[in-house]
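The values are calculated or read from the model by the stated rules, or taken from the named source; none is laboratory data. Just so we're clear, the structure is a prediction, and the values are computed from it rather than from any experiment. A quick note on method: Cβ atoms are made from the backbone with ideal geometry, for glycine too, and the neighbour counts reach across all protein chains shown. Areas reflect the complete protein model, heavy atoms only, side chains present, ligands, DNA and RNA absent. Shrake-Rupley method; radii C 1.70, N 1.55, O 1.52, S 1.80 Å.
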Amino acid sequence: MKQIFTIITMSFLLSIWCGSTFATEIGYGEIEGGVYKNDYFNMYIEVPKGWAVQSQAALKELTDRGGELLVGDDENLKALLSASDKQTVRMFGFFKYEQGAPVDFNPSVTMAAECVSNFPGIKRGSDYLFHVKKGLQAIQLQYSFPKEMYTKDISGVSFDVMPAEISLDNSVFYQEYYSARIKDYVLTFTLTYSNELEIDELNQVVGKMKFTK
């Protein structure tokens, strides 16, 4: 349950339609020599040594399997999740452990992108995260947002950050959603963790993310 949770929660993003060609426009990126690169966003990030890399297909499979945990019997939320699945480009997922490893929790960094060219009101990451927050508040998991959004510069790109807490099985887990408007897309990466040691590790991973001109 806890390991599946680390994947399915990050996938529930705002459902925005941008046509059927968006995935081919920006690409999924590629990993070469231990570095993930995406030319559309002019970004790269080192894959943490020893961590498990989940492909787009693996992320989709685990997301599909865990969707009922998020939406239950709500048909409207099922439709929203299905639409978001079709429109979200899952770019990568870095997990500290392999899926199924005998650990209580599997911290992760995941990245996705959505086109917002038809939504002029989404001018920056915080505008996008406003809608993400509304979506998360509608699902079955007990999300709370005890801290205000803030802005963080990563290699010259200004990301808006939304911290979240999730109550599950008498435990509390944490996520931080980083979003930035880059050209016609919102680029979002999500940190999922259960304690301070894990977020310190995740911040070290994010610290190696670079954007080039």
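For the pairs LYS37/LYS147; LYS37/LYS96; LYS96/LYS213; LYS96/LYS152; LYS96/LYS208; LYS152/LYS213, note any where the Cα-Cα span goes beyond 22 Å. In this structure, LYS37/LYS147; LYS96/LYS213; LYS96/LYS152 lie more than 22 Å apart at Cα.
For region 97-213, which whole-number percentage of the solvent-accessible area (1.4 Å probe, protein heavy atoms only) is attributable to carbon and sulfur atoms? Each step should come with its number before you reach the end.
Values: 2660 of 5640 Å².
For region 97-213, the apolar C and S fraction of the accessible surface comes to 47 percent.
Sorted by mean Cβ packing within 10 Å, highest first, what order do the peptides 109-117, 35-43, 164-172 take? Each step should come with its number before you reach the end.
Values: 109-117: 22.7, 35-43: 17.2, 164-172: 13.1.
Going from most to least packed, we get 109-117, 35-43, 164-172.
Computed from label points 7 Å out along Cα-Cβ, the spacing between ASN203 and PHE145 is 2.2 nm.
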